[in-house]
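Structure first, then comments.
Any read-out appearing in this document is the output of simple, stated calculations on the displayed coordinates, not a laboratory observation. Keep in mind that what you see is a predicted model, and the values were worked out from it rather than measured. With ideal geometry, Cβ positions are generated from the backbone for all residues, glycine too; neighbour counts draw on all protein chains shown.
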Amino acid sequence: MTRGTPDHHRRRRHLVHDAVRSPSVRRSLALFLPAAVALTFAAVVTVVAVQQDLRMGANDQPQQLAEDGARALDAGTSPAAIAGAEAGEVSIDSSLAPFIAVYDAQGTVVATNGSLDGRPPAIPLGVLQAAQATGRDAVTWQPRGGVRVALVVVPWRGGTIAAGRSLRAIESRIDAIQLLVLVGWSVGLVALVVAVSLAAWLWPRNPRQATG
C-alpha cells in the first residue's frame, strides 16, 4: 500500500483549508446551519408533541370508565355489575378492548372483566394506594414484556376501581408518525442543501458591484 508524500498531504490540507475559507463555502454554511437547526428542532417538537397528545388521549376512555364505575359503586351498584362481562372476557395482552377491575380496600380483586395469562390483573398495590391518597392515578402499566396498558385508577367507598386498555395501537401509530417525520426531515435537509447551494451560486461575487 503506497502512501502519499508529505508534499501531497500538505497540498491536500491547503486545498481543504482554502475551500473552508472560500466565501462561497462560508456563505453556504451560514445559510445552511441555522435553517438545519430550525428544521431539526421543529421535527423533534412535532414528534414529542404528537407522542404526548396520543399517549394522554389514551387515558380518556379508561378515566371515563373508572369515574363512572366509582360513582355507580358508591350509589350501591354491585362490583360484578360494574365489571359487566364475564370474568376474564378481555385478554389484556391481545385485546384492544378496555377492561375494568374493582378492588377492595386491601387491594384484592372483587370483580373484573379482564385477564392476563388466565389470571385477574394484578395491578401494583402502590398504584392502588396512590389513587386512594390522591383521588386518581394514571400510569403506563407494563405487567410483562410486550404488554403496555394505559391505566387509570380512582377510589370508591369500598376500595379502588381501575380501567385500562392496551397501548399497542397507540404505539404503532406513534411509530408510524415518527417514521413519517424522519422521512420529512431527511427530505427537508436535502431540499435545504439544494436551496442553499443555489443561493450561494446566485449570490453576487462582489456586493458593491451589484448595488452600484
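Figures for the structure shown
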| item | result |
| --- | --- |
| Total residues in the range 127-158, condition of a type outside the set (A, V, I, L, M), more than 19 Å from VAL110 (Cβ to Cβ) and outside any strand (DSSP E or B) | 5 |
| Any hit, the range 151-164, residues being surrounded by 11 or more Cβ atoms within 10 Å (Cβ to Cβ) and either without any contact (Cβ under 8 Å) to a residue 24 or more places away in the chain or more than 30 Å from ALA75 (Cβ to Cβ) (or both) | no |
| Filter result for ALA70 (within 16 Å of ILE123 (Cβ to Cβ), in contact with a Gly (Cβ under 9 Å, 6 or more places away or on another chain), surrounded by 14 or more Cβ atoms within 10 Å (Cβ to Cβ) and not β-branched (Val, Ile, Thr)) | no |
| Residue in the range 127-149 that is closer than 30 Å to ALA35 by Cβ, among the basic types (Lys, Arg) and touching a residue at least 24 places away in the same chain (Cβ under 8 Å) present | no |
| Residues located in the range 140-186, provided they are closer than 28 Å to THR112 by Cα and β-branched (Val, Ile, Thr) | THR140, VAL147, VAL149, VAL152, VAL153, VAL154, THR160, ILE161, ILE170 |
| Breaking point among (1) in contact with a helix residue (DSSP H, G or I) (Cβ under 9 Å, 6 or more places away or on another chain); (2) part of a helix (DSSP H, G or I), for MET56 | (1) |
| Pairs, first more than 11 Å from TRP156 (Cβ to Cβ) and in contact (Cβ under 8 Å) with a residue 60 or more places away in the chain in the range 63-85, second surrounded by fewer than 22 Cβ atoms within 10 Å (Cβ to Cβ) and not aliphatic (A, V, I, L, M), C-beta under 7 Å, six or more apart | LEU65/PRO98 |
